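Let me begin by presenting the structure, written as structure tokens, before commenting on it.
The values are calculated or read from the model by the stated rules, or taken from the named source; none is laboratory data. None of the values given here were measured: they were computed from a predicted structure. Neighbour counts run over all protein chains shown; Cβ positions are idealised from the backbone, glycine included.
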Amino acid sequence: MSTTVTAAVARQPHQPLSIEELELDELRTNEVRVRMVAAGVCHTDAIVRDQVYPTPLPAVLGHEGAGVVEAVGEGVLTVAPGDHVLLAAAYCGQCDRCRAGQMAYCENLFAADFGGRRHDGSTALSKDGEVISSHFFGQSAFSTRANVVEESVIKIDPDVPLEVVAPLGCGIQTGAGAVLNELKPHLGSTLVVIGTGAVGSGAIMAGRVAGCSKVIAVDIHDSRLELATELGATHTVNTRAASLTDEIMRITGGRGADAVVDTTARPELLRAAADGLALRGKLALVGAAKPGTEVTFEIGLSLVKGWTFTTVVQGSSVPQVFIPRLIELWRGGRFPMDRLMKNYSLEDINQGFEDSASGATIKPVVVF
């Protein structure tokens, strides 16, 4: 039996989402019915709305959901009705990468997260016979209720405020995980974070958790750099006014950075960061660029530096393991992610997208 839900629907690229009444179909055996309490607005939602990644439109997006379980399919073992849950990216759970605990690099990632369909080709959402893409990142959280694949579900304690932790599902987890799971900077090292939005802020907070002695925040907005300092950055660089490479070298006394997280995917900044790396330094790209984007690196003099360039998805994390650890850091006052957030109603979701794009709000959160 289907259920009527209210959802924000992406119908055309570069156009506002429309608030519509849709039909949500019956649960499948591997799904969990979640009543949404909150959902973060992420840059990935915007680039899919604009068809940089080809999820079929019309679609219900949203992939940082949090809510309460209302029902479970007969094959679901990890949660029960009444449980509070956080939602993260979907993965197949069957491929070699998933079985190796590397589900961020699932071989079926694009189908599971961007396909807009179940494995059998069906969608959970429709309107008067019109097919609406569902299961975005396994969830499609910009809806009052959703049928979510079990792989996307993380059970959390009921006393944790869902509107605070919802954004851990993607952006903040991505930044923090890039540092803690992938780069693993050593105690007393220098970390550079390019772009201080939600992903970059997660990386900055993780840099302090990891014990970096210098955390250099890079942006073009002084207001964001001020907040980055409050979150743990020890130095800031505004690239409108200064050379990134020169500033890294100045701050580190000519040694260079041990680790860099780039959230912008801007080729000129990646090149400048690479030129500012220390011996054996690591440069991680977490920002999403348009397919086909290229960047050039100097490989003559830099050969002897032994540096590494890597791309990182979803913080290279196992969400069911990593996200509860971030929640514990937040509880202990060591991961002040709530400083990034501003709440919006579902009806004001387009304002949230606009405020995110302009930088007025680092992390918009839709609260149902």
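For the residues Lys290, Lys342, Lys305, the requirement of being basic (Lys, Arg), over 24 Å from Asp159 (Cα atoms) and touching a strand residue (DSSP E or B) at 6+ places or on another chain (Cβ under 9 Å) singles out Lys305.
Taking the conditions exactly as written (in contact with an Asp or Glu (Cβ under 7 Å, 6 or more places away or on another chain) and in contact (Cβ under 8 Å) with a residue 12 or more places away in the chain), does Val148 satisfy them or not? Considered against the rule, which asks whether it is in contact with an Asp or Glu (Cβ under 7 Å, 6 or more places away or on another chain) and in contact (Cβ under 8 Å) with a residue 12 or more places away in the chain, Val148 comes out as yes.
Can you find a residue in region 315-334 that is farther than 30 Å from Thr78 by Cβ and in contact (Cβ under 8 Å) with a residue 12 or more places away in the chain? Taking every residue of region 315-334 in turn, none turns out to be farther than 30 Å from Thr78 by Cβ and in contact (Cβ under 8 Å) with a residue 12 or more places away in the chain.
Out of all the residues in region 12-27, is one or more among the polar types (S, T, N, Q) and under 21 Å from the mean Cα position of the chain (by Cα)?
Kept after step one, since they are among the polar types (S, T, N, Q), are these residues of region 12-27: 12, 15, 18.
Adding the requirement that they be under 21 Å from the mean Cα position of the chain (by Cα) leaves none.
No, the conditions are met nowhere in region 12-27.
Going by what's in this entry, would Glu247 be described as acidic (Asp, Glu) and either surrounded by fewer than 17 Cβ atoms within 10 Å (Cβ to Cβ) or within 25 Å of the chain's Cα centre (by Cα) (or both)? First the steps, then the outcome.
Values: acidic (Asp, Glu): yes; either surrounded by fewer than 17 Cβ atoms within 10 Å (Cβ to Cβ) or within 25 Å of the chain's Cα centre (by Cα) (or both): no.
So Glu247 fails the test.
Across region 185-206, the qualifying residues are those that are outside any strand (DSSP E or B) and under 19 Å from Ala274 (Cβ atoms), and the one among them that is farthest from the chain's Cα centre (by Cα) is Ser189.
Under the condition of being polar (S, T, N, Q) and surrounded by fewer than 24 Cβ atoms within 10 Å (Cβ to Cβ), which residue from region 158-205 is nearest to Gln102 (Cα to Cα)?
Taking region 158-205 as the starting set, the residues that turn out to be polar (S, T, N, Q) are 173-174, 181, 189-190, 196, 201.
Next, from what is left, pick out any that are surrounded by fewer than 24 Cβ atoms within 10 Å (Cβ to Cβ): 181, 189.
Numbers: Asn181: 11, Ser189: 26 Å.
Applying the filter and picking the extreme gives Asn181.
Just to verify a result, which residue in region 299-312, among those that are β-branched (Val, Ile, Thr) and either surrounded by fewer than 21 Cβ atoms within 10 Å (Cβ to Cβ) or without any contact (Cβ under 8 Å) to a residue 24 or more places away in the chain (or both), is nearest to Ala46 (Cα to Cα)? Don't jump to the end; show me each part of the working.
Taking region 299-312 first, the residues β-branched (Val, Ile, Thr) are 299, 304, 308, 310-312.
Checking which are either surrounded by fewer than 21 Cβ atoms within 10 Å (Cβ to Cβ) or without any contact (Cβ under 8 Å) to a residue 24 or more places away in the chain (or both) leaves us with 299, 304, 308, 310-311.
Numbers: Ile299: 35, Val304: 40, Thr308: 30, Thr310: 24, Thr311: 21 Å.
Restricting to residues being β-branched (Val, Ile, Thr) and either surrounded by fewer than 21 Cβ atoms within 10 Å (Cβ to Cβ) or without any contact (Cβ under 8 Å) to a residue 24 or more places away in the chain (or both), the top hit is Thr311.
Restricting attention to region 113-157 and to residues that are assigned to a helix (DSSP H, G or I) and under 16 Å from the mean Cα position of the chain (by Cα), the residue that is surrounded by the fewest Cβ atoms within 10 Å (Cβ to Cβ) turns out to be Phe114.
Out of the residues in region 252-298 that are in a strand (DSSP E or B) and surrounded by fewer than 17 Cβ atoms within 10 Å (Cβ to Cβ), which is farthest from the chain's Cα centre (by Cα)? The qualifying residue farthest from the chain's Cα centre (by Cα) is Leu279.
Inspect region 97-104 for any residue being polar (S, T, N, Q), under 21 Å from Val48 (Cα atoms) and at pLDDT 95 or above and give the result as yes or no.
Scanning region 97-104, I find no residue that is polar (S, T, N, Q), under 21 Å from Val48 (Cα atoms) and at pLDDT 95 or above, so the answer is no.
Exactly one residue out of Val165, Val149 is closer than 24 Å to Leu329 by Cβ and in contact with a helix residue (DSSP H, G or I) (Cβ under 8 Å, 6 or more places away or on another chain): that is Val165.
Residues in region 348-364 that are surrounded by fewer than 20 Cβ atoms within 10 Å (Cβ to Cβ) and either without any contact (Cβ under 8 Å) to a residue 24 or more places away in the chain or touching a strand residue (DSSP E or B) at 6+ places or on another chain (Cβ under 6 Å) (or both): Asp348, Gln351, Glu354, Asp355, Ser358, Ala360.
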